[in-house]
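Have a look at the structure below before the remarks.
The values are calculated or read from the model by the stated rules, or taken from the named source; none is laboratory data. This is a predicted model, so every value here is computed, not measured. Positions of Cβ are backbone-derived with ideal geometry, glycine not excepted, and every protein chain shown enters the neighbour counts.
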Amino acid sequence: MHTIVCVKQVPDPEIPPAKFKIDPESKKVIPPPGVPPVISVYDERALEAACRLKDKHKGKITVISLGSEKATDVVRHAISMGADDGYVLSDGAFENLDSFATAYVLGKAIEKIGGYDLILCGRQAADWGAGQVGSILAEILGLPVVSLACDVQAEDKKLRVKRILKDGFEVVEAPMPALITVSSEIGLPRLPAGMGLMLARRKQIPIWKAKDIGVDPLELDKSKAHTEITEIFIPKRETQCERITGATPSEAAANLALKIVKLI
Amino acid sequence: MDQQKGVMVLGEISDGKLATITTELLGIGKKLANELGEDLSALLMGGKARGLAQEAIAYGAEKVYIAEDSLFDDYNSDAYTQFVANLCQKVSPSILLIGHTDIGCDLAPRLNGRLRGGLAMDAMELSIDPSTKLLVSTRPIFGGNAYAKVVSRTVRPQMATVRTKVFPPAERDESRQGQIIPIEEKIDPSAIKVNVIERLKEEVEGVKLEDAEVVVSGGHGIGSAQNFEMLWELARLLGGTVGATRRACDEGWVPATRQVGQSGKVVSPKLYIAVALSGAMSHIVGCLGSKWIVAINKDPEANIFNIAHFGIVADYKEILPPLIAKFKELLSAK
C-alpha cells in the first residue's frame, strides 16, 4: 500500500501569544527569532495515520512538503516517524500561494510520484488554517475525498474512515485511491525512534523546482487569483485580570467563590 | 462574471425545523444583498424542504430553491457537492453563505474546488466593500493569534462559512412573500463514491456545551482523566458542563466532543472557568465570547491571565476542593 502524505512546515504555534508579531505592511507574520519552525500539527497526525496503516499492511509512505528549502527538516522528521521517501517542493514561484495554487503544485508533484493508494493531508494548516487544500487537491486529482478523519482502516481495496462530527462520529466507506484529511482526534503521533532517526539523518531529500514537476506558470498564476489577503491585524485584547488571593489556597478559593456567586 | 448576482444561503434542516444557523445566515445575507441591491435566496434539501420553504421566506429569502429528493435527507458529501455545484452553475450567485457546521465544513471546500471560486472558512465578520462591491470576509489565522481580511476579486462565487451565534437571526415576518422553486435534478449514482455506513450521536450528559451558561474547562495541567472528576463536580454544582483543550482531549482524558477551541467548539457562557490550561490562542478563540472568564493556573505567566477577568495563581488541586465546598455552602444558603 503506497500512501503519500502532504506536510507543511509552519512557525511554531506554541509560542506565547505575547511574542506573536505581524508586519501589517507586507501582510506577513514575523516568526520570533531563534524559534525553529515545526511540522503543522494536523499534518503530523496525518503522518501518524499513514504510519499506522504501514504497521498493519506494510507498504510505503512518501512525504511531500511545499515550502522553503528548510522544509527538509519536516521531511526528515516524517522519515524518522516511519516515512520511506520525501521531497521538498521549493521554488521562488511558490511564494504566497493560496489554497488553489498550493493544491495545484502538490497535485503536480503527486502526479510525478504516481502509483499511490491513498493521499493524507491535515485538515487545515496550523498557520493560515484555510482548511481547503485537501478538498481542492482531491478535486484536481479526481479522487474521492473524506474529511476530518479520526481513524483510517484499509480492508480489501476499500477504506473505512471514522469522521468526527460536532456531537459524535460517523463511519464512511471509500474506494481506493482516495484522499483523506485528518483531524487531531486520530490521537497522539508516535515519537521518532532510534532506527527512524538514523534513517532520517542519512536520507537524501531531493528538492523539486517548478520545472521538475511540470508546473505551468500560467496555470499557477491563474490558481493564485482566487483569494487575496487585503489586511492582517491582531485584535486588541485588553482585560485587566483581578488576582484573587488569600492567606491560604483555601481562603483564596473561598474569596473566588464569593466573587463568582455575585456574577451568575 | 457579470452574470453572477445575488446572495444564496445554503440552508440546513435540524430536528424538522430550519436550523438556527440558517436563520442567522439569512439575516446577514439580507444585509449583504441589500448593500449590493440584489436578491437573497436560500437552498433547502431533503424531504422536509418544501414544508420549510415558507419559513425561509419568512426569514427574508426572496427565492427558495428546494431539492426534495429523499436522497438528500441525510448528508452525503458526493451527492450534495454535485447538486449544489450544479445549482450554483445554473443560478450563478455572487455570494454563497454556508454554516460552519458538520455539513458546511465538509461541503464548502469541496464546492470551492469544483466551482473554483473563493472561500473564507470560519468568517467572523462579513461586509461589502463600498467601492469595490466585493465581499470582505474576516477570518482567524495562526490559531486565532491574528485575523485576516480576504476578498476574491475575479472569481465567483464568493463563499464563506460562518459559525452559529456570530450573527443574530433574521427578523421573522410571516407576511413576507417569495418564490418556491423546485429543482428536479437527478444525481448521477456513479458520482457517489463515499457512503455513510453509520452515524453515532454521542449521549450528551447534562446541558450541551454550546448552550451552557457555565463551562468549566480543563487543560493539559489537569494530568489525568480521574482528575477531571473535580471539574465535573464543579460544573454540575453551577448548572454547567465541562470543556477541554485539544491537548487534554489528545490525552484521552475527556471525549473529543468536549474540545473548546479553533478546531473544536466555540462557546459563549456567562461564566468560563479555565483550570490548568495555559491559554494558547487556538483554545482562547473558543471561549472569548464568554461574559466572565476565571483562570486557575500555577504559572503566573500563563497567557490565560491576559484574557481572564479574575484569576488565582495556584495549583488547581489546592483550589478546586475548597472552591466546591464554598459554593455548596453559598448555594444552599440561597
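Annotations
- For the range A:34-74, the set of residues classified as among the charged types (D, E, K, R) and not in a helix (DSSP H, G or I) consists of A:K58, A:K60, listed by residue number.
- Of the numbered criteria (1) modelled with pLDDT of 95 or more; (2) at positive phi, the one A:G187 fails is (1).
- Scanning the range B:246-282 for residues that are of a type in the set (V, I, T) and within 9 Å of another protein chain (Cβ to nearest Cβ) yields B:T257, B:I273.
- Any hit, the range A:149-162, residues being within 25 Å of B:T245 (Cβ to Cβ) and at the interface with chain B (Cβ under 8 Å from one of its Cβ atoms): yes
- Counted residues, the range A:212-251 - those being closer than 30 Å to B:V150 by Cβ and more than 7 Å from every other protein chain (Cβ to nearest Cβ): 14
- Test: residue in the range B:119-138 that is surrounded by fewer than 19 Cβ atoms within 10 Å (Cβ to Cβ), under 20 Å from B:M45 (Cβ atoms) and out of contact with any Pro (no Cβ under 7 Å at 6 or more places or on another chain): no
- The set of residues in the range B:293-305 being touching a residue at least 12 places away in the same chain (Cβ under 8 Å) and either in contact with a Phe, Trp or Tyr (Cβ under 6 Å, 6 or more places away or on another chain) or at the interface with chain A (Cβ under 8 Å from one of its Cβ atoms) (or both) consists of B:I293, B:V294, B:A295, B:I296, B:N303, B:F305.
- Residues of the range B:283-292 satisfying the condition of being buried (at least 24 other Cβ atoms within 10 Å of the Cβ) and at the interface with chain A (Cβ under 10 Å from one of its Cβ atoms): B:I284
- Within the range A:195-211, restricting attention to residues that are basic (K, R) and touching a residue at least 12 places away in the same chain (Cβ under 8 Å), the residue that is surrounded by the fewest Cβ atoms within 10 Å (Cβ to Cβ) is A:R201.
- Whichever residue in the range B:306-328 is of a type in the set (G, A, S) and at the interface with another protein chain (Cβ under 7 Å from one of its Cβ atoms) and, among such residues, is surrounded by the most Cβ atoms within 10 Å (Cβ to Cβ): B:A308
- Scanning the range B:206-232 for residues that are farther than 17 Å from B:G252 by Cβ, out of contact with any strand residue (DSSP E or B) (no Cβ under 6 Å at 6 or more places or on another chain) and either aromatic (F, W, Y) or free of Cβ contacts under 8 Å to residues at least 40 places away in the same chain (or both) turns up B:K208, B:D211.
- Filter result (more than 19 Å from A:Q124 (Cα to Cα), crowded, with 17+ Cβ neighbours inside 10 Å and within 20 Å of the chain's Cα centre (by Cα)) within the range A:143-194: A:P192
- The set of residues in the range A:54-72 being of a type outside the set (S, T, N, Q) and more than 29 Å from B:S282 (Cα to Cα) consists of A:K54, A:D55, A:K56, A:H57, A:K58, A:G59, A:K60, A:I61.
- The range A:163-179: number of residues that are more than 10 Å from chain B (Cβ to nearest Cβ) and touching a helix residue (DSSP H, G or I) at 6+ places or on another chain (Cβ under 8 Å): 1
- Hits in the range B:131-176 (condition: in contact (Cβ under 8 Å) with a residue 24 or more places away in the chain, facing chain A (nearest Cβ under 7 Å) and among the aromatic types (F, W, Y)): B:F142
- Scope the range B:56-113; condition among the acidic types (D, E), away from chain A (no Cβ under 14 Å) and closer than 30 Å to A:F169 by Cβ; matching residues: B:E68, B:D69, B:D73
- Check on A:A254, touching a residue at least 24 places away in the same chain (Cβ under 8 Å), of a type outside the set (F, W, Y) and in a helix (DSSP H, G or I): no
- In the condition set (1) more than 7 Å from every other protein chain (Cβ to nearest Cβ); (2) part of a loop (DSSP other than H, G, I, E, B), A:L188 is compliant with all but (1).
- Which numbered condition A:A126 fails, given (1) closer than 28 Å to B:G99 by Cβ; (2) more than 10 Å from chain B (Cβ to nearest Cβ); (3) not polar (S, T, N, Q): (2)
So that you can scan it fast, the table gives a plain yes or no per residue for (1) β-branched (V, I, T); (2) surrounded by 15 or more Cβ atoms within 10 Å (Cβ to Cβ):
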| residue | (1), (2) |
| --- | --- |
| A:K19 | no, no |
| A:V29 | yes, yes |
| A:L53 | no, yes |
| A:K70 | no, no |
| A:V74 | yes, yes |
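- Residue check for A:A83: in contact with a strand residue (DSSP E or B) (Cβ under 7 Å, 6 or more places away or on another chain), part of a loop (DSSP other than H, G, I, E, B) and either crowded, with 24+ Cβ neighbours inside 10 Å or in contact (Cβ under 8 Å) with a residue 12 or more places away in the chain (or both): yes
- When B:N303 is tested against (1) crowded, with 20+ Cβ neighbours inside 10 Å; (2) touching a strand residue (DSSP E or B) at 6+ places or on another chain (Cβ under 9 Å), only condition (2) is not met.
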